[in-house]
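Below is one structure, written out as structure tokens; the observations come after it.
The values are calculated or read from the model by the stated rules, or taken from the named source; none is laboratory data. Fair warning: this is a prediction, and the values are worked out from it, not measured in the lab. No Cβ is skipped: glycine too gets one built from the backbone with ideal geometry, and neighbour counts run over all protein chains shown.
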Amino acid sequence: MPYRTRCYLLFAVAAFLSSCGGSSQKTARVYEMGARVEAGHLIYTVFETEWLPQIGAGDTARVPKNRFFLVRLSAINSGSEELEVPNVTLVDDHGGAVEELPDGSDFPQWIGIVRRVKPAESLAGNVVFDAEPKHYKLRVRDENNEQSLLIDIPLNFNADAPPGPLPAGDSPGKK
């Protein structure tokens, strides 16, 4: 077989084999809410979520562009050094991302935007987003931002219900 033909054949085989490989993008593993999610030396657990139309009342009320979305989670440092817990991101079903709000100081149990955790200690509280009400996954990362994992967050509006039953005789729509 002539040299030129072997080169073409070798090139064709190499092109075929490279096209048969999977995508070069890594697909992040998806966990259920409530599961223990290990990313490097950080162990995350998402406990619950809450949608809020606003925080506060009257002139001091803080109103979002969409809705406030609170995600209560914990992060445990299983390593031997103090670690920074990276910010988390909401990812919708179309790949759109919503970043944490930089100021959640008005919200209950806000864990802050800069988070450090000592060895064998944990951090627990709420992270806050301004997001459209829809299905999301929460992207969490390891301490070096090298590993990315997703936690499925079901769309749930139970938090919009009143905290208790309405008083007798007061039903919605009646005056």
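Looking only at the range 43-72, filter to residues that are in contact (Cβ under 8 Å) with a residue 40 or more places away in the chain and in contact with a Gly (Cβ under 8 Å, 6 or more places away or on another chain); which one of those is farthest from L101 (Cα to Cα)?
Per the stated criteria, the residue is V46.
Run down Q54, Q25 and say which single residue is modelled with pLDDT under 90 and out of contact with any helix residue (DSSP H, G or I) (no Cβ under 9 Å at 6 or more places or on another chain). Steps first, answer last, please.
Details: Q54 fails: modelled with pLDDT under 90.
Of the residues listed, the single one that is modelled with pLDDT under 90 and out of contact with any helix residue (DSSP H, G or I) (no Cβ under 9 Å at 6 or more places or on another chain) is Q25.
Among the residues of the range 144-167, which ones are over 21 Å from R116 (Cα atoms), of a type in the set (D, E) and modelled with pLDDT of 60 or more?
D152
I'd like the residue in the range 98-121 that is within 18 Å of G40 (Cβ to Cβ) and not aliphatic (A, V, I, L, M) and, out of all such residues, is nearest to the chain's Cα centre (by Cα).
Per the criteria, the residue is R115.
Exactly one of (1) among the hydroxyl-bearing types (S, T, Y); (2) buried (at least 18 other Cβ atoms within 10 Å of the Cβ); (3) farther than 20 Å from L155 by Cβ is unmet by T60. Its number?
Every listed condition holds for T60 apart from (2).
If you check P119, P108, P172, which single one turns out to be in contact with a Leu (Cβ under 9 Å, 6 or more places away or on another chain), at pLDDT 95 or above, surrounded by fewer than 15 Cβ atoms within 10 Å (Cβ to Cβ) and not in a strand (DSSP E or B)? Working first, answer last.
Details: P108 fails: at pLDDT 95 or above; P172 fails: at pLDDT 95 or above.
One residue alone meets the criteria, P119.
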